[in-house]
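Taking it in order: structure first as structure tokens, then the write-up.
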Amino acid sequence: MIPLMPHPQIQILVCLNERPPGSAKPSCAPRGSLEVYHRFKDRVKELGIRDRVMVTRTGCLKHCSQGITVAVWPFNLWYRGVTVDDVEEILQRTVLEDGREVERLRMPDIPWE
Ligand code: FES
């Protein structure tokens, strides 16, 4: 019998969408989002919180001009321009401090792109 895994309490979504060179809209992968994704994965493992925090690679999160785009649920916090250097602060504040926002990375309130 397969053991039941609990649902994650927190989910970190990282956009890994990649558009071809010369596309009208930018995308997150060419800006380095795979590296951001792996940094989140590595640090979640090192912090020992894998049983409650899931890091998920996604397609376009509809804020392409602002990427790299990251969203953290259930807090509904959206971050713009995320780099590997921002990962630790997001984990320490938003994940470990239960939804505290990293204000300097706040996504502007713009329509979906
Ligand atoms: S390509 Fe990342 S938000 Fe659209």
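Return yes or no: is SER27 modelled with pLDDT of 95 or more, among the polar types (S, T, N, Q), part of a loop (DSSP other than H, G, I, E, B) and within 12 Å of the ligand (Cβ to nearest atom)?
So SER27 fits the description; yes.
Criterion first (on the phi > 0 side of the Ramachandran plot and of a type in the set (Lys, Arg)) does LYS62 satisfy it?
When the stated conditions are applied, LYS62 passes them.
If a residue must be assigned to a loop (DSSP other than H, G, I, E, B), closer than 19 Å to PHE75 by Cα, away from the ligand (no atom under 12 Å from the Cβ) and touching a residue at least 24 places away in the same chain (Cβ under 8 Å), how many such residues does the stretch 32-63 contain?
3
Kindly list, by first and then second residue, each pair from a residue in the stretch 69-84 that is touching a residue at least 24 places away in the same chain (Cβ under 8 Å) to a residue that is assigned to a strand (DSSP E or B) and among the polar types (S, T, N, Q), limited to pairs with Cβ atoms under 8 Å and residues at least 6 apart or on different chains.
These pairs meet every condition: VAL72/GLN11; TRP73/GLN11; PRO74/GLN11.
ILE90 - would you say it is part of a loop (DSSP other than H, G, I, E, B), within 18 Å of GLN9 (Cα to Cα), among the β-branched types (Val, Ile, Thr) and at pLDDT 95 or above?
Against the criterion (part of a loop (DSSP other than H, G, I, E, B), within 18 Å of GLN9 (Cα to Cα), among the β-branched types (Val, Ile, Thr) and at pLDDT 95 or above), ILE90 does not qualify.
The values are calculated or read from the model by the stated rules, or taken from the named source; none is laboratory data. From a predicted model like this one, the values you see are computed outputs, not experimental measurements. Glycine gets a Cβ as well: all are built from the backbone with ideal geometry, and neighbour counts include every protein chain shown.
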